Amino acid sequence: MSDLPGSVLFACSMNAIRSPMAEGFLKFLHGTRIYVDSVGTRKREVDGFAIAVMGEMGIDISRHAAKTFDDLQDDLFDIVVTLSPEAHHRALELTRTSPVEVEFWNTFDPSLVEGSRDQRLDAYRQVRDRIFERIRDRFAPQMKP
């Protein structure tokens, strides 16, 4: 048995980099055992660098369709994990009358990094790896004796 939530929502600013990465990782680790979705406060097409660095891990997020909180069909999640201050404020508004756990994982936006392609990819990899560590630590199945 495990203490995994039934549903998790990841949220960031644009639903183009951080939250699609998190969604991809949790789906990769748990398949359909957990319902996973992601949103942004605004939406933008999934970032090409995010697709590339997730592809390095064997996870394809190229078909991710960005959406906002307003696009959600259902806003009842066990846990909402926010990855940016803007998304955190929006999630708290959304859940203020619901018994939903909101966790804030302040995560750097790698699209802010300027420089060569390699420098930018390195920034995306660092964010990817940090998100993976957080997901692995938070959502690893806890076996009961």
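Condition check ((1) more than 15 Å from the chain's Cα centre (by Cα); (2) of a type in the set (Lys, Arg); (3) surrounded by 12 or more Cβ atoms within 10 Å (Cβ to Cβ)) across all residues:
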residue: Thr68; (1), (2), (3): no, no, yes
residue: Trp105; (1), (2), (3): no, no, yes
residue: Asp122; (1), (2), (3): yes, no, yes
residue: Arg138; (1), (2), (3): no, yes, yes
**Fill in**
Selection over the range 1-28 where residues are touching a Pro at 6+ places or on another chain (Cβ under 9 Å), within 22 Å of Glu133 (Cβ to Cβ) and at pLDDT below 95 yields a count of 3
**Message:** For the structure I just gave you, tell me whether Ile59 is more than 19 Å from Asp109 (Cα to Cα), of a type in the set (A, V, I, L, M, F, W, C) and over 13 Å from the mean Cα position of the chain (by Cα).
**Reply:** yes
**Request:** Quickly run through the range 93-135 and pick out the residues that are part of a helix (DSSP H, G or I) and either modelled with pLDDT under 95 or β-branched (Val, Ile, Thr) (or both).
**Result:** Glu93, Leu94, Thr95, Val127, Ile131, Ile135
**Message:** Against the conditions (1) at pLDDT 95 or above; (2) assigned to a loop (DSSP other than H, G, I, E, B), where does Leu76 fall short? Just the number, please.
**Reply:** (1)
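Scan the range 9-24 residue by residue and report those that are under 15 Å from Thr68 (Cα atoms) and of a type outside the set (S, T, N, Q).
Leu9, Phe10, Ala11, Cys12, Met14, Ala16, Ile17, Arg18, Pro20, Glu23
The values are calculated or read from the model by the stated rules, or taken from the named source; none is laboratory data. No experiment lies behind these values; they were computed from the predicted model shown. Virtual Cβ from ideal backbone geometry, glycine too; neighbours counted across all protein chains shown.
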